[in-house]
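The values are calculated or read from the model by the stated rules, or taken from the named source; none is laboratory data. Model, not experiment: these values are computed from the prediction. Note that we place each Cβ from the backbone using ideal geometry, even for glycine, and neighbour counts take in every protein chain shown. To get the accessible areas, we keep the full protein, side chains included, count just its heavy atoms, and leave off ligands, DNA and RNA. Shrake-Rupley method; radii C 1.70, N 1.55, O 1.52, S 1.80 Å.
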Amino acid sequence: MNLCLDEGFVVYTRHFKEELASDGLTTEDALAVCHSGVIYMAPEKDIKTGDWKYMIEGYTADHDNVALVFTLKSERKAVFITAFKRSHG
């Protein structure tokens with residue numbers, strides 16, 4: 001992920017942007033989560049696409065706990081699928 005952010009590129013799907021907006025979040029919030037977050041679980045294979053899906057969880061500058069789901073299309077290209085706020089506790 002860091003290589004995609006630093007030297008490659010990321011793609012935000014329409015669904016991802018809609019989910020961010022519905023939670024009052026921005027792509028800047030998503031990038032903050034990417035830079036400071038942690039992947040706690042092993043990736044899951046998407047049965048429709050065959051892609052491996054990862055979930056990274058972290059905090060925005062406003063201390064919102066957010067999870068982002070993404071796939072790696074190559075070592076320099078990440079595609080963000082969905083996002084959601086996590087509950088505290």
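Out of residues 5 or more away from residue 81 or on other chains, whose amide H comes under 5 Å of its own, with H placed 1.01 Å from N in the peptide plane?
Here the answer is 69, 70, 71, since their amide H atoms fall under 5 Å of that of residue 81.
Run the numbers for residue 15 and residue 35: contour at 0.36 nm per residue of separation, minus the present Cα-Cα distance, in nm. Before the final figure, lay out each step's value.
Details: separation 20, 0.36 × 20 = 7.20 nm, distance 2.14 nm.
Gain on extension, residue 15 to residue 35, equals 5.1 nm.
Sequence gap of 8 or more, or different chains, plus Cα separation below 20 Å: how many lysine pairs satisfy both in the chain?
For the chain, qualifying lysine pairs total 12.
Skip the ligands, DNA and RNA, and give the accessible area per residue of the chain with a 1.4 Å probe, whole Å².
Each residue of the chain exposes 63 Å² on average to a 1.4 Å probe.
Between the DSSP loop rule and a limit of at most 12 other Cβ atoms within 10 Å, which chymotrypsin sites (Phe, Trp or Tyr not before Pro) in the chain are left?
Passing sites in the chain are 40.
To the nearest 0.05, how large is the calculated FRET efficiency for residue 28 and residue 7 if R₀ is 25 Å and r is the Cβ-Cβ distance?
0.80
If you take every residue apart from residue 17 with its C-beta less than 14 Å away from the C-beta of residue 17, what net charge results, scoring Lys and Arg +1 and Asp and Glu -1? Walk me through the numbers before you get to the answer.
Details: positive: 14; negative: 18, 19, 23, 28, 29.
Surrounding charge for residue 17 is -4.
Treating the angle as unsigned and between 0 and 90°, give the value, to the nearest 10°, between the Cα long axis of helix 27-36 and the longest Cα principal axis of the chain.
80 degrees
When the chain is fully extended, how far beyond the present Cα-Cα distance does residue 86 get from residue 73, taking 0.36 nm per residue of separation?
The span from residue 86 to residue 73 would gain 2.1 nm if fully extended.
Of the GluC sites (Glu not before Pro) in the chain, which ones lie in a loop per DSSP and count no more than 13 other C-beta atoms within 10 Å?
On the way: sites: 7, 18, 19, 28, 44, 57, 75; in loops: 7, 75.
Of the GluC sites (Glu not before Pro), the ones in loops of the chain whose Cβ has at most 13 other Cβ atoms within 10 Å are 7, 75.
Round to a whole number: what % of the accessible area of the chain belongs to carbon and sulfur, probe 1.4 Å?
51 percent
Could you grab the relative contact order for the chain? Cα pairs under 8 Å, six or more apart, rounded to a whole percent.
The normalised contact order for the chain reaches 35 percent.
With a cut-off of at most 12 other beta carbons within 10 Å, and DSSP calling the residue loop, which trypsin sites (Lys or Arg not before Pro) in the range 6-89 qualify? Please list them.
Qualifying residues, ordered by number: 48, 86.
What's the local net charge at residue 67, with K and R +1, D and E -1, over the other residues with C-beta under 9 Å away?
Numbers: positive: 85, 86; negative: 57.
Neighbour charge sum, excluding residue 67 itself: +1.
If I model the chain as equal point scatterers sitting on the Cα atoms and use the Debye formula, what is log10 I(q)/I(0) at q = 0.11, 0.17, 0.22 Å⁻¹?
-0.27, -0.66, -1.12
All other residues with a Cβ under 15 Å from the Cβ of residue 30 taken together, and with Lys, Arg as +1 and Asp, Glu as -1, what is their net charge? The partial results should precede the final answer.
Numbers: positive: 14, 17, 85, 86; negative: 18, 19, 23, 28, 29, 57, 62, 64.
Every neighbour counted, the sum reads -4.
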